[in-house]
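Just so it is clear, none of the values below were taken in a lab; they were calculated from the coordinates. Remember, predicted model here, so these are calculated numbers, not experimental data. Virtual Cβ from ideal backbone geometry, glycine too; neighbours counted across all protein chains shown.
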Amino acid sequence: MQNKHFIFWMRQIRTLGMLRSRFDSIPLAINSCLIPVETSDAKRKKGLKSYLHNRFKEMEHADKENIAARFAQMWNEIVTSFREEDLIDNREKELLLVPYVSDQALGVVQWPPFLLASKIPIAVDMAKDSNGKDRDLKKRLANDYYFSCAIEECYASFKNIINDLVQGPQEKRVMNKIFVEVDKCIAEDKVITDLNMRALPDLFNKFVDLVNYLEKNDEKDRSAVIKIFQDMLEVVTRDIFEDQLSILESSHGGSNGRNEGTTTWDQEYQLFQPSGAIRFPLQVTATDAWLEKIKRLELLLTVKESAMDVPSNLEARRRLTFFTNSLFMDMPDAPKVRNMLSFSALTPYYNEPVLFSIKELEEENEDGVSTLFYLQKIYPDEWKNFQERVGWEEEFKETEELKEELRLWASYRGQTLARTVRGMMYYRKALILEAFLDMAKREDLMEGYKAAESVTDEQWKIQQRSLFAQCEAVADMKFTYVVSCQQYGNDKRAALSSAQDILQLMRNYSSLRVAYIDEVEDRVGDKKMETAYYSTLVKVALTKDSDSADPVQNLDQVIYRIKLPGPAMLGEGKPENQNHAIIFTRGEGLQTIDMNQDNYMEEALKMRNLLQEFLKEHGVRRPSILGVREHIFTGSVSSLAWFMSNQEHSFVTIGQRLLANPLKVRFHYGHPDVFDRLFHLTRGGVSKASKSINLSEDIFAGYNSTLRGGNVTHHEYVQVGKGRDVGLNQISKFEAKVANGNGEQTLSRDIYRLGHRFDFFRMLSCYFTTVGFYFSTLLTVVTVYVFLYGRLYLALSGLEEGLSHGRFIHNHPLQVALASQSLVQLGFLMALPMMMEIGLERGFGKALSEFVMMNLQLATVFFTFSLGTKTHYYGRMLLHGGAQYRGTGRGFVVFHAKFAENYRLYSRSHFVKGIELMILLIIYQLFGQSYRSTIAYIFITSSMWFLVLTWLFAPFLFNPSGFEWAKIVDDWSDWNKWISNRGGIGVSPDKSWESWWEVEQEHLKYSGTIGLLVEIILAVRFFIYQYGLVYHLRITRDKSILVYLISWLVIVVVLLVMKTVSVGRRRFSADFQLFFRLIKFLIFVSFIAILIVLIVFLHMALRDIFVCFLAFLPTGWGILLIAQACKPLARRVGLWGSVRALARAYEIIMGVLLFTPITILAWFPFVSEFQTRMLFNQAFSRGLQISRILGGQKKERSSRNKD
């Protein structure tokens, strides 16, 4: 085991430079990990000696040939998948490919051209400048293995091409004689000393011209090719072999005694002239190995840059480095495809995007930014590669074929079902390739997988049972992919575009299976029609079904149709969707894949290795769930997506690695894990679907597996792509769903049973890695409240002032402790696991730079804001229950969220709590400053002020175009309209404040007596403000209870006045407008008179007025909370209308308080520019400005045309 860890450390590949320097070990590693061991072979060597000393370049030629052939097929399929995904362009593909067909005539190892690029031009220049001294050239050959490989391959290819082209007997004798002489010089190590290398560039240029003509292969160039042959012969004989012209004369039959000056060169020029002297043009096909050889040679000769940046795409680099790095990890040997465990993949789908339509791609938002434009700016290199691949031209872009390609290109960069299906079908493609390598004979292997794959005649495949047909059959036996499209039947009958897109996916992938719930009207005997429910599995119909009367139905073909006893969707939708379709899966393994995931060709090649883990002992038992790591592919969309990507990356790597071993408390946290299908089908399935309690169905699958004797492991040599939410609102909805799910877990029997059955250490590990994290988060925020309310009591009661005059006046240790606590609350330590994992994988310098960049883009603000989301929804779930699924949406966030939308989403979770903490801090500042130093106040409250500002303004800071004046004006109008609209039956919460307000209290409807009692007790805290502050007014010189009672009388009077205005508005505003206005005028005059009396006679100051607001506003909010908890009683006594009016007034006050700072910041244009550059990468920010300019120009042109 120590050897394996040392091997992995020695062969670790983290960068493209490491990949280039260690590429010589990749073919052997691929053969060792991904190719099954033949029974006739000796047991494969493992350990340090095998990997470091038995390198590919040191092996025998026969072994090299077999290993190179298998490596070429796998490597080229990976590179081809990169090109199909538009991660690389055509040039990069040619530089990365190795020959599909091994040219045995060369007798050299052929590495990818990106390793050999620029080596030949450098060697030619060094030879030209050598002056007969070969010391520098030999030193370069000794130090650079690929330098010598490039020279050997170039000379062997030159020799091979010349021998293939030259057909005349006299010409052949001349060529053979020259090559014999050159080979002799090479064998004696006298090339530089005996030959004139100054003429080598001339020969090199002539040969490059010859290769270009061979690549064109045009009959018109025959005379030019003959001339090149004659020129090359002249350069060789006259310049390079300047003292050895006898080789030409002996070939012509001349006498050796002829003087050099009397050589008859007209005979020499007659060489290559006869019609059969050279074979040109050649009869080749597009798939011919000859063309492949010529293209490769052209790259070796002409590419003068170093190709150090190939591939240039960051995603292609990441995938290549991870794949090659994983080959040196500890993984089981790969079995043959026929002997591997069979498996299925299952994806639940509801109504998410399948394929983006052209309309969706081109539709512009308020800023003139379309989804297509956004993708072009986020992925500029992939857009260029796509244009090159499809031959994109603006004048032909309206063709249906290009439109379909454009839809696919955009959909493959979103979180769509099309992307997931493409990724999962890589499994079938990988199994076909691996089956070919298993079953191919030597001649088939040397011809290459590409030749077998190029057979397209289906009938010929069936009749002849070709090798490729056999490979497809074996792959289909071992792999099944089922997408459970719950609403497919209804969508198909409604002729929705999503059904057509799903059908298109089935056409593209003939082995794809779709399961759905089919609702039909059946007649039961003589009774009336009843709705029957069927679990149905369909595939694409190869031929039209003539028995079907429905013209849509004949596009797919029913495989299985199972009648259900009733509706299938009784519990949570997603797990029920999986449960009804699991009967259509096959095999020993089951990989549950969410529809926002992706897969890669190179990772699919390792699937049979992963399945072998089921047969190994991991601890005391074999695994029941194989956990794999995820890569978050949405990290480049926005800064928030980047934060989530890094956070998730640390959890799925260093986090789950620790949970699996040694803690042994890893469960199922997402969908890439592979289940032991037979184990779970006989023990309750993979998805518990009880309503509400199983909201987070993933984790309960892990609980169930562990409780029933299973073993969950984690393996990092395989990764699966995963999409995450990319906007703040989407992320917050996801966090709310997870927090609600953890609240349900806290109350579940599963956690209770795990706690009882685990040993002490596993119990603690399970607690702190599941519900304990959320409970600790809740305690953190509760601690802030307790601390501030305690400080409020000390300040208002005078205890803090009294303590400050004693021994606590200079309590420096307490100040230091509070300062360190502030740093912890700022969230820096929360990033430690993230930094450690990035440091382990990409270096600690990179980890430090990413940490600095994240904080410059306000990552601390984001994580502090998420703290409030987790706390609110987890705490509310524990008190009242009512967890529900929240659809987050998986689109691209290129739109501006309205102020009203942000207010609806964050009002109760962040804004109310933020304002409460702000009032606490203000009161603490007002009534504790006379006896407290400024430094102490900063130490104590700085982190809390940061928390307040984050909770109040982070939604607007992370909102695209959140500080543009035009947007601010529109948002204010929209919010006023929303806050004033009346609710009612059928009015959605996003249209009316009243409807939203009623929905926000639904959790209280299902709460128990204890939950309502706790809610009322918590609301009593708002009465503390009034009780403490009224005694600090200048007009209250008495400390008796009468002052407090009078303050309540003031509140009652204010509420009665509000009730009077509300009743008057309903009864008199329509028919008696003048009388109603008179009443409002009298109320206003009375208020002014009372205020003047208080100021003049009782000497009330402006500070007292401000303190009164701070005292009475929290009291009103506390009354409102108690009234909401006692809603049935308030309705019964007829006060619910007044409660609603009071709530609306508070909502208006909070809205104005939040809107004012945003409006002030919107006056400064640089604020909006800073926000845009913070939210999106620089390329998109620049593109966004260009789009606005172009949009303005379009408006100007249209206005001019109208004039």
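Sorting check: for 430-436, 369-375, which peptide has the highest mean count of neighbouring beta carbons within 10 Å, and how do the rest follow?
Details: 430-436: 25.4, 369-375: 20.6.
My ranking of the peptides, most packed first, is 430-436, 369-375.
Report the FRET efficiency, 1/(1 + (r/R0)^6), for Phe1166 and Asp333, where r is their Cβ-Cβ distance and R0 is 56 Å, rounded to 0.05.
Efficiency computed from Cβ-Cβ geometry: 0.40.
Mind sorting Cys766, Cys485 by how few other Cβ atoms lie within 10 Å of their own Cβ, fewest first? Display every interim value, and only then the final one.
Values: Cys766 22, Cys485 28.
Least crowded to most crowded, the residues run Cys766, Cys485.
So between Arg222 and Glu393, what do we pick up on full extension, going 0.36 nm a residue minus the alpha carbon distance?
Working it through step by step, the gained length comes to 58.1 nm.
When you count, for each residue, the other Cβ atoms within 10 Å and take the mean per peptide, how do 341-351, 133-143, 746-756 rank with the highest first?
For the peptides 341-351, 133-143, 746-756, the packing ranking is 341-351, 746-756, 133-143.
Which peptide among 623-635, 706-718 comes first, and what is the full order, when sorted by highest mean count of other Cβ atoms within 10 Å?
623-635, 706-718
Run the simple label-point estimate for Met1058 and Leu1135 please: 7 Å along Cα→C-beta, distance reported in nm.
About 1.2 nm separates the two model spin labels.
Can you list the chymotrypsin sites (Phe, Trp or Tyr not before Pro) in segment 931-1027 that are in a DSSP coil and have 13 or fewer other beta carbons within 10 angstrom? Write down the numbers at each step before the final one.
Numbers: sites: Tyr931, Tyr937, Phe939, Trp945, Phe946, Trp951, Phe953, Phe956, Phe958, Phe963, Trp965, Trp972, Trp975, Trp978, Trp993, Trp996, Trp997, Tyr1006, Phe1022, Phe1023, Tyr1025, Tyr1027; in loops: Phe958, Phe963, Tyr1006.
Hits after loop and neighbour filter: Tyr1006.
So how strong a dipole does segment 702-746 carry about its Cα centre when Lys and Arg Cβ are +1 and Asp and Glu Cβ are -1, to the nearest 20 debye?
100 debye
GluC sites (Glu not before Pro), restricted to segment 109-207: which are DSSP loop and have at most 12 other Cβ atoms within 10 Å?
Here the sparse-neighbourhood loop sites are Glu188.
Provide the FRET efficiency to the nearest 0.05 for the Ile1046-Lys1005 pair, computing r from the beta carbons and using R0 = 35 Å.
Computed FRET efficiency for Ile1046 and Lys1005: 0.40.
Calculate the spin-label point distance for Val558 paired with Glu363, positioning each point 7 Å from the Cα along the beta-carbon direction, and give it in nanometres.
Placing both labels 7 Å along Cα→Cβ, they lie 3.5 nm apart.
Cβ under 9 Å from Leu605's Cβ, Leu605 left aside: what net charge do those residues give with Lys, Arg +1 and Asp, Glu -1? Working shown, then result.
Values: positive: Lys606, Arg608; negative: Glu77, Glu434, Glu602, Glu603.
Summing Lys and Arg as +1 and Asp and Glu as -1 gives -2.
Want the number for Glu401 to Thr15: 0.36 nm per residue separation, take away the alpha-carbon distance, what's left?
Working it through step by step, the gained length comes to 135.1 nm.
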